[in-house]
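*Asks:* One structure, pasted below without further comment.
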Amino acid sequence: MRDLQQNWDFDVTGKRILIFGAGGAAQGIIAPLLDANPDVVLIANRTTAKADALAHHFGSLGNVETTRFNDIRGGHEAYDLIINATSAGLDGEQAPFPRAAITERHTVCYDLSYSLSTTPFVRWAKTMDAAKTRSGWGMLIEQAAESFRIWRGVMPDTHEVIKRLPVT
């Protein structure tokens, strides 16, 4: 959340959020996203069983819905933020992200994965004309800063490190 809110100046409040994937990475981000009061968090997965379990677990915190990748529709259901929480594409191959997910040029795409080269999700988002794209480097740096704060009692300023990211 710190990378989105402080480094990107992105406010989740009232936004429509789409999360690709329903594994551990998705589970780790849903509660903080819901704490920021989005309009809806939609979890898309190949099958809905894991997504439904997450929706059931976090549903009391906010509006959580589920769908299958292949059932994502654009149009009036445009998403403000799309987060890739899948492992798809980590081997460098393009993952089958649904074209209908990005229907508006204001959509921001955030990949929880990071790499020295552009991730397949970020490449996909750019070809779909997303407003902004970013890989997970900022998240990694903010996690390190939080760990440093816990162990040393000092929160480091991450802005200079963020500026030096190899790929965003």
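The values are calculated or read from the model by the stated rules, or taken from the named source; none is laboratory data. Nothing here was measured: the structure is a model prediction, and the numbers come from that model. When we count neighbours, we look across all protein chains shown, and the Cβ atoms used for this are built from the backbone with ideal geometry, even at glycine. These accessible areas exclude ligands, DNA and RNA; they are computed on the full protein's heavy atoms, side chains included. Shrake-Rupley method; radii C 1.70, N 1.55, O 1.52, S 1.80 Å.
*Asks:* So residue 108 clears everything in (1) surrounded by fewer than 18 Cβ atoms within 10 Å (Cβ to Cβ); (2) over 15 Å from residue 2 (Cα atoms); (3) out of contact with any helix residue (DSSP H, G or I) (no Cβ under 8 Å at 6 or more places or on another chain) except one condition, right? Which one?
*Replies:* Looking at each condition in turn, residue 108 falls short on (1).
*Asks:* What residue, among those in the stretch 151-164 that are free of Cβ contacts under 8 Å to residues at least 40 places away in the same chain and assigned to a helix (DSSP H, G or I), is surrounded by the most Cβ atoms within 10 Å (Cβ to Cβ)? Step through it out loud before you land on a result.
*Replies:* Applying the first criterion (free of Cβ contacts under 8 Å to residues at least 40 places away in the same chain) to the stretch 151-164 yields 151-157, 160-161, 163-164.
With assigned to a helix (DSSP H, G or I) added as a condition, the list becomes 151-152, 160-161, 163.
Details: 151: 8, 152: 9, 160: 8, 161: 15, 163: 9.
Taking the candidates together, the pick is 161.
*Asks:* In addition: Any idea which residue in the stretch 54-77 is modelled with the lowest pLDDT, counting only those that are open to solvent by 60 Å² or more (accessible area, probe 1.4 Å) and assigned to a helix (DSSP H, G or I)? Steps first, please.
*Replies:* Keep residues of the stretch 54-77 that are open to solvent by 60 Å² or more (accessible area, probe 1.4 Å), which gives 56-57, 60-61, 63, 65, 68, 70-71, 73, 76-77.
Within this subset, residues satisfying the condition of being assigned to a helix (DSSP H, G or I) are 56-57, 60-61, 70-71, 76-77.
Working: 56: 94, 57: 93, 60: 89, 61: 89, 70: 83, 71: 88, 76: 60, 77: 69.
Checked the stretch 54-77; the qualifying residue modelled with the lowest pLDDT is 76.
*Asks:* Here's something else I'd like to know. State which residue is nearest to residue 4 (Cα to Cα) when the search covers only the stretch 111-136 and only residues that are buried (at least 18 other Cβ atoms within 10 Å of the Cβ) and β-branched (Val, Ile, Thr).
*Replies:* 133
*Asks:* Can you spot a residue in the stretch 140-150 that is under 15 Å from the mean Cα position of the chain (by Cα), open to solvent by less than 50 Å² (accessible area, probe 1.4 Å) and modelled with pLDDT of 90 or more?
*Replies:* Scanning the stretch 140-150 turns up at least one residue that is under 15 Å from the mean Cα position of the chain (by Cα), open to solvent by less than 50 Å² (accessible area, probe 1.4 Å) and modelled with pLDDT of 90 or more.
*Asks:* Based on this model, can you work out whether residue 43 counts as surrounded by 22 or more Cβ atoms within 10 Å (Cβ to Cβ), within 22 Å of residue 131 (Cα to Cα) and of a type in the set (Val, Ile, Thr)?
*Replies:* Values: surrounded by 22 or more Cβ atoms within 10 Å (Cβ to Cβ): yes; within 22 Å of residue 131 (Cα to Cα): yes; of a type in the set (Val, Ile, Thr): yes.
Criteria met by residue 43.
*Asks:* Go through the stretch 1-55 and report how many residues are among the hydroxyl-bearing types (Ser, Thr, Tyr) and in contact (Cβ under 8 Å) with a residue 60 or more places away in the chain. Full working, then the answer.
*Replies:* Step one: filter the stretch 1-55 for residues among the hydroxyl-bearing types (Ser, Thr, Tyr), giving 13, 47-48.
When the remaining residues are screened for being in contact (Cβ under 8 Å) with a residue 60 or more places away in the chain, the result is none.
Summing the residues that are among the hydroxyl-bearing types (Ser, Thr, Tyr) and in contact (Cβ under 8 Å) with a residue 60 or more places away in the chain in the stretch 1-55 gives 0.
*Asks:* If you check residue 29 against the conditions, is it in a strand (DSSP E or B) and either among the basic types (Lys, Arg) or closer than 22 Å to residue 140 by Cα (or both)? It would help to see each step written out before you state the result.
*Replies:* Values: in a strand (DSSP E or B): no; either among the basic types (Lys, Arg) or closer than 22 Å to residue 140 by Cα (or both): yes.
Answer is no for this residue.
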